[in-house]
Amino acid sequence: MSDAKTKKLARLGVRDSKLLTPKKREYLFDEIQSLADDVKVYAIANGEINEAMNRKISLNELEAMHFAKLIDQVGIDLDRIYLDSPDVISERFGMRISLLSKKPMMVEGVKTPRGKRGEKRIHVVSEHKADLRYPVVSSASIIAKVTRDRAMAKIEDSVGIELGSGYPSDHVTVDAIRASLGTNTIRPYVREYWKTLTLIRQMKIGDYFR
C-alpha cells in the first residue's frame, strides 16, 4: 500500500479494532477494502486448531503457517510486511514466517545471511501491539474483527443461543458454554484445547462432553 493510502487510512481513523465501536468497524471495513491493493483472510476453524494441538503444534506456529500462506498468495510486489506478533519474542514470529514463506525476507532485528546477488527481500517488521502503531496493521485487525463478528452472528443464528463475543472475558460467552456443557449444541464451534473451556469444566463434576 502506498504512503498516500496509508495516510488516508490514518485520516479515516483506523485504530486497534478493540478500540472502535461495531458501527465504526463496519464502516471502516468497506473503506479499507476499497483502498487496499489486496486483502486476504483465512479463518482457522476450531477443528483445525484441535488437530494441530493434537500434533503438538502451538497456536503461534499455526498462525505463522497461515500468515506465510496468505503472504504467498498476494499477487503484488511487497516491499515491507508488518506483523502483530503473538509470540513473546516478536522477532521469532517474524523468523517463523520468513522460513515458511516462499518469498525471500529479512526480519528487522535479526541478522540474516546474505542472499543471492541482486535478490530482492521483503523487509519484515514483527512487533507486539503493532496494531497500535501502524495503520496497515490496524486495518488488518479491523478486517479480521468484522469477519469474526459476522461469523459469530451466523453461529448464534444456527444454534439459537446468545453467545456474546466469544472471548473469555465475556460473561455471556462463558455462561453460554457452561449452560451447554451437557449438550452438543455448541460443541462443534468450541475448540477442545481452550483454557476457558478447561476452567469451566473444572467447575463441574465429570466431563460433560463425553
Item to complete: Calculate the spin-label point distance for Thr112 paired with His66, positioning each point 7 Å from the Cα along the beta-carbon direction, and give it in nanometres.
Response: 2.5 nm
Worksheet entry | On Cα atoms only, tilt of 59-73 relative to the major axis of the chain in degrees | 50 degrees
Worksheet, complete the sentence: Spelling it out for Ser126: with amide H atoms placed in the peptide plane at 1.01 Å from N, the residues 5 or more places away or on another chain with amide H under 5 Å from its amide H are Leu83, Glu108
Worksheet item: ³J(HN,Hα) across segment 17-29 via Karplus (A = 6.51, B = -1.76, C = 1.60, θ = phi - 60°), whole Hz, x for Gly/Pro?
Response: 4, 5, 8, 10, 6, x, 5, 5, 4, 4, 4, 5, 3
Fill in: Karplus-derived 3J(HN,Hα), 6.51/-1.76/1.60, for each residue of segment 102-108, Hz, glycine and proline x
7, 8, x, 9, 9, 9, 4
Practice prompt. Per DSSP H run of at least 4 residues, take -39500 (n - 2.57); add these up for the chain, divide by its residues and hand me the 222 nm value, nearest 500 deg cm²/dmol.
Written response: -15000 deg cm²/dmol
Practice prompt. Would you list which aspartates and glutamates come within 13 Å of Lys154, measuring only between C-alpha atoms, while excluding same-chain residues fewer than 8 positions from it?
Written response: Glu162
Discussion item. Over all directions, the average projected area of the alpha-carbon convex hull for the chain comes to how many nm²?
Written reply: 13.6 nm²
Worksheet item: Working out 0.36 nm times the residue gap between Asn46 and Ile89, then minus their Cα-Cα distance, what length gain in nm do you get to one decimal?
Response: 13.0 nm
Worksheet entry | Rounded Å value of the spacing that divides the Cα centres of segment 61-133 and segment 159-197 | 34 Å
Worksheet entry | Over 26 Å between alpha carbons, listed pairs Lys23/Lys102; Lys40/Lys195; Lys18/Lys195; Lys18/Lys111; Lys69/Lys145; Lys145/Lys195 | Lys23/Lys102; Lys40/Lys195; Lys18/Lys111
Item to complete: Lys and Arg at +1, Asp and Glu at -1: add these up for the other residues within a Cβ distance under 9 Å of Met53 and post the number.
Response: +1
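Read-outs: derived from the displayed coordinates by stated rules, not from any lab. Worth saying up front: this structure is predicted, and the values here are computed from it rather than measured. Using ideal geometry, Cβ is built from the backbone for each residue, glycine included, and neighbour counts are taken over all protein chains shown.
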